[in-house]
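The block underneath contains the structure these notes are about, expressed in structure tokens.
Just so you know, all these numbers are worked out from the coordinates, no wet-lab data involved. Treat the numbers as computed from the prediction; the structure is a model and nothing was measured. Cβ placement follows ideal geometry from the backbone for every residue including glycine, while neighbour counts extend to all protein chains displayed.
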Amino acid sequence: MKSSRRWLFSQGYQRLALHEREEISRFLAQGRSFREIARVISRHVSTISREVNRAGINRYTYRAVRSDRRAARNSGRRKRGKYKLGRNRRLWGYVLGKLALRWSPEQIAQSLKKEYPDEQTMRISHEAIYTYLYVLPRGELKKRLLAMLRRERKRRHKRKDGGTVARKLEDMLSIEERPVEVAARTVPGHWEGDLLIGRNRQSALGSLVERTTRFVILVPLFNRTAEEVRKAFAREMKSLPIQLRRSLTYDQGREMAEHKLFTRETHIQVYFAHPASPWERGTNENTNGLIRQFFPKGTDFNTVSRREIKKVQNMLNGRPRKTLNWDKPCEAYQQVLR
């Protein structure tokens with residue numbers, strides 16, 4: 001990574017000047033080849049070829065002024081971000097460090113404002129960060145950096161089950177029966193939960209997120225049985241302060257079949273969303289997308305240690321969130337305990 005960073009700072013690109021484009025246009029009118037033109041103006045032949053053939057133009061329709069304006073316009077779209085991160089080692093080091101922690105560019109940009117309120121050199125927009133990353137030349141560095149960005153989730157599809165009807169859980173309380181305070185997010189202690197399924201559906205990871213603070217708890221699981229999920233979730237929830245144990249909203253998965261026993265053990269009432277309605281647990285759905293940055297689809301959770309899982313939990317709770325006015329979930333969590 002260090003050698004790649006040195007390369008980034010040392011590279012300088014000189015685009016064609018207007019007088020060079022005028023020379024190209026004049027030589028093209030004379031019927032000169034790209035190789036001849038390149039030799040005369042001391043440019044590589046591929047530079048001439050790309051310049052002439054860019055944007056559907058050819059040697060017969062090429063015009064110097066028009067091409068120069070287009071190049072300036074395209075350069076302006078990326079100049080600012082490229083200059084900021086390409087020449088400010090300190091700023092780039094900060095951005096790179098936060099990307100490695102899987103922070104989004106918007107989280108990084110807002111955090112810079114809070115950590116360096118009086119230093120204008122430590123300012124950059126999240127659009128500029130995205131632009132800089134995407135205009136990097138192809139290679140291993142670009143591949144690694146883009147892999148740190150949040151991936152857009154694929155659309156979820158209903159799984160076909162051959163026409164069978166899933167059995168309803170016994171004595172479910174509908175999400176419609178939740179207290180008004182849950183939807184309003186005015187009182188902390190209301191959670192949403194789900195499972196992230198691993199490779200070949202042979203392993204799983206539990207996820208719990210508090211609706212007000214966005215505080216995340218990742219729950220290691222040995223298997224996906226109702227008993228294991230109930231015990232693991234209860235173990236995590238019973239470690240919370242009493243004021244943060246009010247309710248849990250879940251989907252109608254069979255892993256929550258022991259919800260009544262879970263409620264007796266934790267005094268946390270479980271409410272169930274309607275079938276195929278992930279938006280009713282939107283906070284948890286969004287959180288699962290964040291978790292997938294670290295554990296992409298196909299992960300075998302049986303091979304992931306509890307220590308690694310909790311490390312990711314701490315990273316998620318240590319990232320600033322737009323919905324929290326750029327505070328971190330761990331900070332919001334501590335505030336409600338005061």
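For this structure, a couple of remarks:
- Exposed GluC sites (Glu not before Pro) absent: longest stretch of the chain, with sites in DSSP loops and at most 15 other Cβ within 10 Å deemed exposed: 171-338
- What the pair-distance distribution of the chain shows, using all Cα-Cα distances binned every 20 Å from zero, is 25, 41, 24, 10, 0 percent.
- Computed over the range 289-338, Kirkwood Rh from alpha-carbon pairs, angstrom: 12.3
- Ordering Leu28, Ala232, Leu173 by Cα displacement along the dipole of the chain toward the positive end leaves Leu28 in first place; charges were set at the Cβ atoms of Lys, Arg (+1) and Asp, Glu (-1).
- Quarter of Cα convex hull surface for the range 167-243, i.e. mean projection, nm²: 6.3
- Angle in degrees between helix 306-317 and the longest Cα principal axis of the chain, rounded to the nearest 10: 70
- Neighbour counts of C-beta atoms inside 10 Å place Val40, Val187, Val312 in the sequence Val40, Val187, Val312, starting with the fewest.
- Among Met256, Met148, the ranking by other beta carbons within 10 Å of each residue's beta carbon, starting with the fewest, stands as Met148, Met256.
- The Cα-based radius of gyration of the range 212-327, divided by its Kirkwood radius, gives an Rg/Rh of 0.94.
- On the beta carbon distance between Glu22 and Asp118, with R0 = 45 Å, the FRET formula returns roughly 0.45.
- Projected onto their three principal axes, the Cα atoms of the range 205-251 cover extents of 29, 17, 17 Å, largest first.
- With respect to the chain, whose longest principal axis is taken over its alpha-carbon atoms, helix 282-291 is tilted by about 60°.
- Evaluated with a Cβ-only charge set (Lys, Arg +1; Asp, Glu -1), the range 186-281 carries a dipole of roughly 120 debye about its Cα centre, given to the nearest 20.
- Neighbour-count ranking [beta-carbon atoms within 10 angstrom, fewest first] of Ile242, Ile41, Ile268: Ile242, Ile41, Ile268
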